[in-house]
Amino acid sequence: MTMLGVLGGSGVYDIAGLVNAHWRKVTSPFGETSDEFLFGTLAGLEVVFVPRHGRGHRHSPSSINYRANIDALKRAGVTDLLSVSACGSLREDLPPGHFVIIDQFVDRTVTREKSFFGEGLVAHVSMAHPTCDRLGRMLHECATGTSIPIRRGGTYLAMEGPQFSSLAESRLYRAWGCDVIGMTNMPEARLAREAEICFLTIAMVTDFDCWHPDHAHVQVADVIRVLTENAENAKRLVRRFAPRLKEERPTPCPCGCDRALDSALITAPEARAANMLAKLDAVAGRVLGR
């Protein structure tokens, strides 16, 4: 069964239009999720929404329990996951209000748990193509004909935060060829890959990063206005995307997202730790036979 998950970032704390909407706690062996999950249906498609920072924006980017969120989404039955994220722009041609369908990441986070696997059960998944091209194509087509300015393809620089970049860092990231900068999509993309969930980031530009000469003159009110407009556009895009996904969800995924663990497990079966097998019953249950 196809189920759409939506991770909402700054400004996106719910999904309008859900039928039979209800909040419910989903437990995970990896700890507490950011909040309860909002369940409902859109155009007949089962949808689960997670406010990444919690309702009221209680969690900073570094304190979010990313493993619990992704594990719980897998337990809930999510097959396809959209990560809706506010970000800063590193390019002149990506001004505030633009959306970018991300297909690559540069990870500069340093304090976060980045894998479900570890001592007792080791695995290495490929991150060469960290997002689902099928979802990217479908989402871009859904945006066609709307007023939402959107670009397909871009590199997201994930920084630790919670402070913003220094001017030297911002210039460096531009020199690396990165397009946008944010604080939350790593390790989300890594963990979704390990959980064999098709994953896509929709990066919503709120302002230019500090490399831009106009950055120092941006008023908080301007950022809030763009954040609000972006959030409404993101919700509108999800409402257009849901019926399309319901109609066109191939199995297996042609990009191989739902088979990412096929050759990833390194630890021999007889050496696998029982406690790790129990914790990974959802994330890796398909390849572990659980």
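The values are calculated or read from the model by the stated rules, or taken from the named source; none is laboratory data. Treat the numbers as computed from the prediction; the structure is a model and nothing was measured. Note: ideal-geometry Cβ built from the backbone for every residue, glycine included; neighbour counts use all protein chains shown.
Given Ala234, Ala216, Ala278, which one is in a helix (DSSP H, G or I), without any contact (Cβ under 8 Å) to a residue 24 or more places away in the chain and either small (Gly, Ala, Ser) or crowded, with 17+ Cβ neighbours inside 10 Å (or both)? Spell out how you get there, then give the answer.
On the way: Ala234 fails: without any contact (Cβ under 8 Å) to a residue 24 or more places away in the chain; Ala278 fails: without any contact (Cβ under 8 Å) to a residue 24 or more places away in the chain.
So the residue among Ala234, Ala216, Ala278 that is in a helix (DSSP H, G or I), without any contact (Cβ under 8 Å) to a residue 24 or more places away in the chain and either small (Gly, Ala, Ser) or crowded, with 17+ Cβ neighbours inside 10 Å (or both) is Ala216.
In segment 52-66, the residues that are over 16 Å from Gly8 (Cβ atoms) and modelled with pLDDT of 95 or more reach residues that are among the basic types (Lys, Arg) and surrounded by 13 or more Cβ atoms within 10 Å (Cβ to Cβ) with C-beta atoms within less than 7 angstrom, at least six apart or across chains, in these pairs: Ser62/Arg112.
Taking the residues in segment 91-122 that are outside any loop (DSSP other than H, G, I, E, B) and over 15 Å from the mean Cα position of the chain (by Cα) as candidates, determine which candidate is nearest to Val223 (Cα to Cα). Checking each candidate, the answer is Arg108.
Can you find, within segment 54-90, the residue that is surrounded by the fewest Cβ atoms within 10 Å (Cβ to Cβ) among those that are outside any helix (DSSP H, G or I) and of a type in the set (A, V, I, L, M, F, W, C)? Steps first, please.
So the first thing to find is which residues in segment 54-90 are outside any helix (DSSP H, G or I), and the list is 54-65, 77-90.
Going one step further and asking which of them are of a type in the set (A, V, I, L, M, F, W, C), we end up with 64, 78, 81-82, 84, 86-87, 90.
Numbers: Ile64: 22, Val78: 24, Leu81: 28, Leu82: 26, Val84: 27, Ala86: 24, Cys87: 31, Leu90: 27.
This residue is Ile64.
What tally of residues in segment 16-41 results from selecting those that are touching a residue at least 40 places away in the same chain (Cβ under 8 Å), within 23 Å of Glu232 (Cβ to Cβ) and in contact with a strand residue (DSSP E or B) (Cβ under 7 Å, 6 or more places away or on another chain)?
Here the count works out to 1.
For segment 277-290, the set of residues classified as closer than 16 Å to Glu119 by Cβ and either out of contact with any Asp or Glu (no Cβ under 8 Å at 6 or more places or on another chain) or among the aromatic types (Phe, Trp, Tyr) (or both) consists of Leu277, Ala278, Lys279, Leu280, listed by residue number.
How about segment 91-114: which of its residues are hydrophobic (A, V, I, L, M, F, W, C) and crowded, with 20+ Cβ neighbours inside 10 Å? It would help to see each step written out before you state the result.
Step one: filter segment 91-114 for residues hydrophobic (A, V, I, L, M, F, W, C), giving 94, 99-102, 105-106, 110.
Leu94, Phe99, Val100, Ile101, Ile102, Phe105, listed by residue number.
Contact map, segment 246-258: residues that are over 17 Å from Glu46 (Cα atoms) paired with residues that are buried (at least 17 other Cβ atoms within 10 Å of the Cβ) and of a type in the set (Phe, Trp, Tyr), Cβ distance under 8 Å, separation 6+ or inter-chain. Pairs shown: Cys257/Phe199.
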